[in-house]
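Below you'll find the structure, written out as C-alpha cells, and then a few comments.
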Amino acid sequence: MGRTPPAALSTDRQWHLIDADGQVLGRIATRAARLLQGKHKPTWVPYLDQGDHVIVINAARVKLTGRKEEQKIYRVHSGYEGGLRETRAKIVRSKHPIRLVEDAIAGMLPKTKLGKAMYRKLKVYAAADHPHTSQKPVKLEVA
C-alpha cells in the first residue's frame, strides 16, 4: 500500500505580483521560477506541481545588464533545413516585449510535462495593468 506524500494533501496556491520596471531580467526570472515550482514551500517535492501563480507586470521596461541589449541573441528554429532565425534582444523588446521575460523564466523551469504545467501559471504583461485583481495577488520585491 502506497504512502500519500504530505505535499499532495494541500495544494494551497497563492498569487504573486512582480513589478519588472527597472529590475534586472535574471533576478526576476529566478524569483518567478522558484515560485512557479513551489520551492519556497516546506512541503516541496520534485514530482508534484505545488507552485503558485505569478504575474509579471511592466515587462517592457525590464533591464538587461551590460551590452546584452545589442549582443544577446534569441534563436528559433522551424525544424526545416536552414530554418534558424536569430533576433537580437533589442528587436525582440520592440516587437514582443513579453517574450524577454517569458523565455528567461521558461529556461529555468523543467523541460517536462510538469514544467509545462508550471509555465501555464505564469502571466506576463507589458504594461502595469492586468486582469487578475480579483485574485488579490501579493506584491513581491525583487532585489
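The values are calculated or read from the model by the stated rules, or taken from the named source; none is laboratory data. No experiment lies behind these values; they were computed from the predicted model shown. Glycine gets a Cβ as well: all are built from the backbone with ideal geometry, and neighbour counts include every protein chain shown. Heads up: the accessible areas ignore ligands, DNA and RNA and are worked out on the full protein's heavy atoms, side chains in. Shrake-Rupley method; radii C 1.70, N 1.55, O 1.52, S 1.80 Å.
For the chain, what is the per residue volume of the convex hull drawn over the alpha-carbon atoms, in cubic angstrom? Looking at the chain, the number lands at 134 Å³ per residue. Value of Rg to Rh for the range 11-85, rounded to two decimals, is 1.11; Kirkwood radius and Rg both from alpha-carbon coordinates.
Angle of helix 97-106 to the longest C-alpha principal axis of the chain, folded into 0 to 90 degrees and rounded to 10: 50°. As a fraction of the 1.4 Å probe accessible area of the chain, surface on carbon and sulfur atoms comes out at 53 percent. With K and R counted +1 and D and E -1, the other residues having a Cβ less than 13 Å from that of Q71 yield a net charge of +2.
Once the dipole of the range 100-143 is set up with Lys and Arg at +1 and Asp and Glu at -1 on Cβ about the Cα centre, which of V101, L140, Y119 lies farthest towards its positive end? In the range 100-143, that residue is Y119.
Looking at the range 71-116, the trypsin sites (Lys or Arg not before Pro) that sit in a DSSP loop and have at most 15 other Cβ atoms within 10 Å of their own Cβ are K111.
Its relative contact order, with pairs defined as Cα atoms under 8 Å and 6+ residues apart, puts the chain at 34 percent. Protein heavy-atom accessible surface, 1.4 Å probe, per residue over the range 91-143: 64 Å². Karplus-based coupling profile of the range 45-59, in residue order and whole Hz: 9, x, 9, 10, 8, 10, x, 9, 7, 10, 10, 10, 10, 6, 5, with θ = phi - 60° in 6.51 cos²θ - 1.76 cosθ + 1.60 and x standing for Gly or Pro.
Using only the Cα atoms of the range 72-127, build the gyration tensor, take square roots of its eigenvalues as a ≥ b ≥ c, and label the shape rounded, prolate or oblate: rounded if a/c is under 1.5, else prolate if a/b is larger than b/c, else oblate. Don't skip to the end; give the middle numbers.
Details: a/c = 2.53, a/b = 1.19, b/c = 2.12.
Judged from the Cα gyration tensor, the range 72-127 comes out oblate (a/c at least 1.5, b/c at or above a/b).
For the range 48-143, the set of chymotrypsin sites (Phe, Trp or Tyr not before Pro) satisfying both a DSSP loop assignment and a count of at most 11 other C-beta atoms within 10 Å is given as Y80.
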